[in-house]
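The values are calculated or read from the model by the stated rules, or taken from the named source; none is laboratory data. Since the model is a prediction, treat every value here as computed from it, not as a measurement. In this analysis, Cβ positions are derived from the backbone assuming ideal geometry, glycine residues included, and neighbour counts consider all displayed protein chains. Side chains included, ligands, DNA and RNA excluded: accessible areas come from the protein's heavy atoms. Shrake-Rupley method; radii C 1.70, N 1.55, O 1.52, S 1.80 Å.
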Amino acid sequence: AGYGSFTDTSEFAQSITTTAVTSGVLVVDTASDTSDGDTTSITALLGNKGADGFISLREAIAAANNTANIGGIADTINFAISGTGVHTISLGSILPTINEAVVINATTDDSFSTNGNKPAIVLDGANLAGDGLTLSSTADGSTIRGLVIQHFNGDGIQIDSGSDGNTIAGNYIGKLTTSGTTGTTGNAAAGINVFGSNNTIGGVVAADRNVISGNTSDGVTINGGTGNQVTGNYIGTDASGNLANGNLQNGVYLFNGATGNSILNNVIAENTADGFWLSGESSDGNI
């Protein structure tokens, strides 16, 4: 009982079982905005998709919200809607606020590659009062990729205060078609409105570029957030970067104590007010 140097091959060695920790995965396979499945958890929705037998984006977000992340790993929402053409999700009401870390990746739908590796899933807000997608303070570490987000009577994407470390990449946000040309309807407020910190809007490779254009207010606003990076985006142009599609206020607007943010290597053009507006004595240390 007093002997304390057993080796790995001792009959008294500790028994170790390795368990893989994985995220929950849901696949949106309909452009319908129905919600008739069991969204109490990801497992429940996979077992009961409702009368239509499909998983909508609304159902996927609700089920992910009701499923705690395991081991700090974000859940995943992929897309596989039948047909390789453009798919438009016309909303009947604002989608649930995202309150658990999730990766929403519309580039997984085969329409993305068919469309020349450009967003082909359109999230149409039908002028509803609210934001397209909202990341709450408990949704840290989320990713939104590969969507066209337009026609909301609010922001295209809002990142709430306390929602940190999120990535918004490869989206068309505003008055844009799936081919990247100027469309008919943007969002009534900002393309992306950031209250949180240490978020990444865009990225260093072309696939991460957001095109944020044709919105009624600003392209990107950072309202008091710190350490955010807005990198490699086209703000106020079409997806070619060569034709005007300006936001009706500023391209990028930092204010209300926005500190230590970096606005790097973007094309910011043709916006009605300022290309870049840094406002307030307390908005310091920005690049």
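Ala64: touching a strand residue (DSSP E or B) at 6+ places or on another chain (Cβ under 6 Å) and assigned to a loop (DSSP other than H, G, I, E, B), yes or no? Spelling it out, it is not the case that Ala64 is touching a strand residue (DSSP E or B) at 6+ places or on another chain (Cβ under 6 Å) and assigned to a loop (DSSP other than H, G, I, E, B).
It is to be established whether one or more residues within segment 273-281 are of a type in the set (Phe, Trp, Tyr), open to solvent by 20 Å² or more (accessible area, probe 1.4 Å) and part of a strand (DSSP E or B). Before you say what the answer is, go through the steps one by one.
First pass over segment 273-281, keeping only residues of a type in the set (Phe, Trp, Tyr): 276-277.
Checking which are open to solvent by 20 Å² or more (accessible area, probe 1.4 Å) leaves us with 276-277.
Checking the rest, the ones that are also part of a strand (DSSP E or B) come to 276-277.
There is at least one residue in segment 273-281 that is of a type in the set (Phe, Trp, Tyr), open to solvent by 20 Å² or more (accessible area, probe 1.4 Å) and part of a strand (DSSP E or B).
Summed over segment 31-72, residues that are open to solvent by 60 Å² or more (accessible area, probe 1.4 Å), farther than 18 Å from Gly92 by Cα and among the hydrophobic types (A, V, I, L, M, F, W, C) total 4. Could you list all residues from segment 167-213 that are within 19 Å of Thr108 (Cβ to Cβ) and in a loop (DSSP other than H, G, I, E, B)? Passing the criteria: Gly170, Asn171, Thr178, Gly203, Val205, Arg209, Asn210. Filtering segment 108-142 to residues that are buried (at least 21 other Cβ atoms within 10 Å of the Cβ) and β-branched (Val, Ile, Thr) leaves Ile121, Val122, Thr134.
Looking across segment 222-244, the residues that are surrounded by fewer than 24 Cβ atoms within 10 Å (Cβ to Cβ), more than 19 Å from Ile287 (Cβ to Cβ) and touching a residue at least 24 places away in the same chain (Cβ under 8 Å) come down to Asp238, Ala239, Ser240, Gly241, Leu243, Ala244.
Pick from Gly202, Gly219: which is in contact with a helix residue (DSSP H, G or I) (Cβ under 7 Å, 6 or more places away or on another chain) and crowded, with 24+ Cβ neighbours inside 10 Å?
Numbers: Gly219 fails: in contact with a helix residue (DSSP H, G or I) (Cβ under 7 Å, 6 or more places away or on another chain).
Only one candidate passes the filter, namely Gly202.
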